[in-house]
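Scroll down for the structure; my scribbles are underneath it.
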């Protein structure tokens, strides 16, 4: 029972459900493994959408804006499940970038201004990191849609017309870029794509530097504060 309470306490609160399904969304990417697998992925995507809105700390205005951005994301993927329409895919990707950007900004606003370093803060930091990578993945899809030939693959052909496979590759490419690993098996060949790739790499570097510095500074502040309190108590006793 004690172990179960610890587990439930760990996963309770804000960002917990979102973090779990963001992780699953990346690890079990859609690719092109049949309609059943793709349906399951879209269900996870839907859960991520709802948990992004209702499992996070948002201002009321942000919630309303996220719901408005989320409606097309909720409906369009299910329409495209049975009948692929490239224009609908483009609209879905566009609203995905807006939705994810809005949610990620709201989470970062919450965790950066939060005065305490808690599990909720750390979960929020990880969720925002995942969401930045997902937002850039959809942005790469949009760039390839409007400027064909921007995204190139070494030794293989991945068509934008095969959306599940292409977006899976963009998830991979986006995380590799955000982490500044850069294997070179997927590249941005044209100016616009290269600019966005460099921008994501910069965000990846500054994200870690700024947030880690913020978390360490807050943790150090409260550690020193507690230390001073204990010293004052010892002096009073003495």
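No value in this document is a laboratory result; all are computed from the given coordinates. Just so you know, these numbers come straight off a predicted model, no measurement behind them. Neighbour counts are summed over all protein chains in view; Cβ atoms, including those assigned to glycine, are modelled from backbone coordinates with ideal geometry.
Bin width 10 Å, origin at 0, all Cα-Cα pairs of the stretch 2-211: what percent of pairs per bin?
It works out to 8, 34, 36, 18, 4, 0, in whole percents.
Could you work out the pair-distance distribution P(r) of the stretch 110-189 from its alpha-carbon pairs, with 10 angstrom bin width and percents rounded to whole numbers?
Percent of Cα pairs in each bin: 17, 43, 22, 14, 5.
With an 8 Å cut-off on Cα pairs and a minimum separation of 6 or more residues, tell me the relative contact order of the stretch 2-211 in percent. Numbers along the way, then the final one.
Working: 232 pairs, mean separation 42.6, N = 210.
Across the stretch 2-211, relative contact order equals 20 percent.
Go through 148-155, 65-72 and give me the packing order, highest mean Cβ count within 10 Å leading. Before the final figure, lay out the partial values.
Working: 148-155: 13.0, 65-72: 17.4.
Taking the mean over residues of other Cβ atoms within 10 Å, the ranking is 65-72, 148-155.
Please sort 49-55, 33-39, 172-178 by packing, taking for each peptide the average over its residues of neighbouring beta carbons within 10 angstrom, highest first. Working shown, then result.
Working: 49-55: 20.0, 33-39: 12.3, 172-178: 21.9.
Top to bottom by mean Cβ count within 10 Å: 172-178, 49-55, 33-39.
How would you rank 143, 202, going from fewest to most other Cβ atoms within 10 Å of each one's own Cβ? Working shown, then result.
Working: 143 21, 202 11.
The most exposed by this proxy come first: 202, 143.
Distance between the C-alpha centers of the stretch 52-83 and the stretch 118-191? Whole Å please.
The distance from the Cα centre of the stretch 52-83 to that of the stretch 118-191 comes to 21 Å.
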